[in-house]
Amino acid sequence: MTRATAASLAAMRQRLDEPPPETVPGQLAVEVPAAEDKPPKVCGYGNPRCGAVPVRFYPCGWKCDEHQPARTSRRKTP
């Protein structure tokens, strides 16, 4: 090992032993709001609305298994 390599490794070891800085340059602390309480999604079929839960999202909106846009071989949700 050359002197330059040994000196470089010693400097790196010394740097690793130092405590981390209080703030990291370029990094900002962000306040993340708590999750909002939202009502569950319900089936939007019919007038008045079906209101069944659970539902899946389709391009035509939130639908339950009974009102899905096309009969498919999907497994029924429990």
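Residues of the range 10-38 that are under 30 Å from Trp62 (Cβ atoms) and either modelled with pLDDT of 85 or more or among the β-branched types (Val, Ile, Thr) (or both): Val32 alone.
Would you confirm whether any residue within the range 50-59 is at pLDDT 85 or above and of a type in the set (D, E, K, R)? Within the range 50-59, one or more residues are at pLDDT 85 or above and of a type in the set (D, E, K, R).
Evaluating Ala7 against the criteria (1) open to solvent by less than 70 Å² (accessible area, probe 1.4 Å); (2) in a helix (DSSP H, G or I); (3) at pLDDT below 85 leaves one unmet condition, (3).
The values are calculated or read from the model by the stated rules, or taken from the named source; none is laboratory data. These figures come from a predicted structure and were not determined experimentally. Every residue, glycine as well, gets a Cβ built from its backbone with ideal geometry; the counts of neighbours run over all protein chains shown. Surface areas here come from the heavy atoms of the whole protein model, side chains and all, with no ligands, DNA or RNA. Shrake-Rupley method; radii C 1.70, N 1.55, O 1.52, S 1.80 Å.
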